[in-house]
Amino acid sequence: MYSLFDIFVIGLGPSSSHTVGPMEAARSFAEGLAARSCLDRVACVQVELMGSLALTGAGHGTDRAIVLGLSGEAPDEVEPDAAARLWQRATSGGRLDLLGSRPIAFDSKSDILFAIDKRHPQHSNALRLVAFDAEGAVIEEGTYLSIGGGTVIREGEDAAAVIGSNRPAPRFAYGTAAELIEIAETERCSVADIVLANESHWRGEAEVRAYVDRITEAMLACIDRGLGERGILPGGLNVPRRAAELHEKLKADRGSNLAPPHAVLDWISLYAIGVNEENAAGGRVVRAPTNGAAGTVPAVLKYYLEHCPGGDRAGAIPFLLTATAVGDLAKRNASISGAEVGCQGEVGVASAMAAAGLAAVLGGSNGQIENAAEIALEHHLGMTCDPVGGLVQIPCIERNAMGAVKAINAASIALKGSGAHHVSLDTAIETMRQTGRDMSERYKETSLGG
């Protein structure tokens with residue numbers, strides 16, 4: 001069972017699977033060398049990227065992420081400016097400080113290999129790291145899989161076993177949305193209450209509430225930064241930032257009798273665009289559940305806080321806890337990796353999470369919450385993930401805006417109903433899994449078909 005602390009994590013853009021995951025893998029590899037007292041023997045480290053990491057890694061900054069991870073930096077702690085300096089020093093100086101202390105030779109062109117014709121049988125996002133001594137002998141090697149949302153496992157490991165290995169069994173165990181709803185109804189409580197009970201069992205309620213507050217603050221701060229930045233996004237596509245200009249236009253029209261009712265959709269889109277422009281620029285975002293889908297949940301949360309009567313920060317707790325349940329179920333029973341199931345697993349899942357969260361804070365029943373998530377996910381089914389140039393810009397930035405609008409629409413439809421519906425969230429998640437399995441590899445984060 002994936003926790004709130006697994007689903008919502010602060011880190012650098014532009015990709016949770018291609019940036020955050022490889023960074024975590026590289027840091028884990030370096031820490032393993034230190035734990036075995038091998039660090040002082042290392043002369044160089046070579047990395048082989050496979051599958052989607054090789055095909056779109058350059059556009060996602062995978063090579064930079066690996067340098068940061070080998071340097072001992074953590075995705076949720078490193079500052080963007082410090083990350084840029086580390087990369088510049090490694091590429092211009094030919095030296096990398098392993099875990100910040102052991103200087104080793106480094107050449108980005110020969111030490112990071114993009115093996116575009118090689119695919120690991122266990123997952124499409126794979127990287128192999130090998131540490132050599134001064135004589136060229138192998139000291140240590142390891143293969144890691146970045147399975148989506150920044151989660152990393154070792155070759156041969158089972159994701160569910162790894163995630164659950166560091167905490168006790170949950171108070172309320174469930175494997176499907178149907179089981180979750182049944183538990184909540186039996187306990188006469190909400191989905192958020194069940195998630196809070198599990199999270200508190202693992203960490204303590206005070207820590208859980210503090211983390212929700214931290215994540216909420218980070219999401220809102222990211223929106224604010226995105227609305228204030230201008231210029232061209234990096235990567236070579238020459239995509240201009242639009243959020244700041246759009247924000248000025250919306251502020252000018254605010255309160256005008258001529259402003260159309262649908263202007264609220266522009267505000268929702270603005271919030272998502274601001275976040276995903278920050279992500280594309282390598283800024284600090286909250287993966288929710290991935291970096292490529294980082295704008296959808298914050299945009300809907302901001303909509304609740306700023307545009308819904310009675311919306312307040314206290315509502316962020318049930319909102320994000322409810323969203324956690326949906327993200328957990330999607331990740332466990334299907335995937336949130338664009339390289340594995342396409343963008344239906346990224347923005348589609350994010351939209352379902354946001355829809356469920358909004359339905360919860362607007363007073364929805366457990367049935368209506370599940371219905372909202374199902375509607376949002378259902379109408380993203382089949383969505384491919386093939387960003388232009390391998391960059392998380394086109395269509396990713398606008399796609400988050402559309403996902404946020406769909407989430408609000410889904411919640412609204414569900415809240416007008418009784419909660420009863422023909423297609424369950426479990427069925428939608430299973431359909432996403434099967435659709436992703438059948439989808440052509442060309443349309444799953446490879447830059448081969450777009």
Estimated [θ] at 222 nm from DSSP helical runs (n ≥ 4, -39500 (n - 2.57)) normalised by residues in the chain, nearest 500: -16500 deg cm²/dmol
Using a probe of 1.4 angstrom, how much of the accessible area of the chain is carbon and sulfur, in percent? 50
Using Cα-only point scatterers and the Debye equation, what is log10 of I(q)/I(0) for the stretch 184-257 at each q in 0.11, 0.12, 0.14, 0.18 Å⁻¹, rounded to two decimals? -0.58, -0.64, -0.72, -0.81
Can you tell me the mean projection area, over all orientations, of the convex hull of the stretch 114-160's alpha carbons? Units nm², please. 4.3
Taking loop as defined by DSSP and a crowding limit of 15 other beta carbons within 10 Å, which trypsin sites (Lys or Arg not before Pro) in the stretch 243-280 fit? Arg254
Only Lys, Arg (+1) and Asp, Glu (-1) charged, at Cβ; the chain dipole about Cα centre in debye: 640
If only Cα atoms are counted, what is the Rg of the stretch 144-196, and what is its Dmax, in Å? 14.4, 42
Give me the angle, in degrees from 0 to 90, between the Cα long axis of helix 21-35 and the longest principal axis of the Cα atoms of the chain, rounded to the nearest 10. 50
Farthest positive-ward along the stretch 145-230 dipole, Cα basis, beta-carbon charges - from Ser146, Ala218, Ala159: Ala218
For the stretch 94-104, in residue order, the Karplus 3J(HN,Hα) values (coefficients 6.51, -1.76, 1.60; θ = phi - 60°; whole Hz; Gly and Pro = x) are x, 9, 10, 8, 4, 6, x, 9, 9, x, 9
Per-peptide average of other Cβ atoms within 10 Å, ordering 395-405, 368-378, 306-316 highest first: 368-378, 395-405, 306-316
Bins of 20 Å from zero: percent of alpha-carbon pairs in the chain: 27, 57, 16, 1
Using the Cα centre of the stretch 107-166 as the reference point, and only Cβ charges (+1 on K/R, -1 on D/E), how large is the resulting charge dipole? Debye, rounded to the nearest 20. 320
Checked against the positive end of the charge dipole of the chain (+1 on Cβ of Lys and Arg, -1 on Cβ of Asp and Glu, about the Cα centre), the farthest of Ala178, Gly72, Ile194 is Gly72
If the chain between Ala74 and Glu182 were fully extended at 0.36 nm per residue, the gain over the current Cα-Cα distance would be 35.0 nm
Charged-residue dipole, Cβ positions (Lys, Arg, Asp, Glu), the stretch 206-273 about Cα centre, Debye nearest 20: 140
Restricting to aspartates and glutamates and to Cα separations under 17 Å from Lys416, and discarding same-chain partners fewer than 8 apart, the set is Glu370, Glu374
Ranked highest first by average number of other Cβ atoms within 10 Å, how do 62-73, 227-238 line up? 62-73, 227-238
Please go through the stretch 80-137 and write out the trypsin sites (Lys or Arg not before Pro) that DSSP classes as loop and that have at most 15 other C-beta atoms within 10 Å. Lys118
For the stretch 322-421, go through all pairs of different Cα atoms, get the mean of 1/r, take its inverse, and jot down that Kirkwood value in Å. 13.3
Could you grab the Rg to Rh ratio for the stretch 23-84? Cα atoms only, Kirkwood for Rh. 1.00
Rg(Cα)/(2.2 N^0.38 Å) for the stretch 77-178, N = residue count: 1.44
Residues meeting the amide H criterion for Cys44 (H placed from the backbone, H to H distance under 5 Å, 5 or more places apart or on another chain) are Phe132
Roughly how many Å is it from the Cα centre of the stretch 269-309 to that of the stretch 102-120, as a whole number? 33
Estimated D of the stretch 1-125 in µm² per second, where Rh is the Kirkwood radius over Cα pairs and Stokes-Einstein applies at 37 °C, 0.692 mPa s: 221
Solvent-accessible heavy-atom area per residue, rounded to whole Å², over the chain at 1.4 Å: 39
Rounded to the nearest 10, the angle in degrees between the Cα long axis of helix 243-253 and the longest principal axis of the Cα atoms of the chain comes to 20
Here is the link list: Lys302/Lys331; Lys249/Lys406; Lys249/Lys331; Lys406/Lys444; Lys249/Lys444; Lys249/Lys302. Which ones come out longer than 28 Å on Cα distance? Lys249/Lys331; Lys249/Lys444
Dmax and Rg, reported as Rg then Dmax, of the stretch 114-267 (C-alpha, Å): 23.9, 76
How far is helix 366-378 tilted off the main Cα axis of the chain, in degrees rounded to 10, range 0 to 90? 60
Please report the Cα spread of the stretch 227-338 along all three principal axes, rounded to whole Å, starting with the longest. 46, 43, 20
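The values are calculated or read from the model by the stated rules, or taken from the named source; none is laboratory data. Small disclaimer: the values here were computed from a predicted structure and weren't measured. Note that we place each Cβ from the backbone using ideal geometry, even for glycine, and neighbour counts take in every protein chain shown. Calculation scope for accessible area: heavy atoms of the full protein, side chains included, ligands and nucleic acids excluded. Shrake-Rupley method; radii C 1.70, N 1.55, O 1.52, S 1.80 Å.
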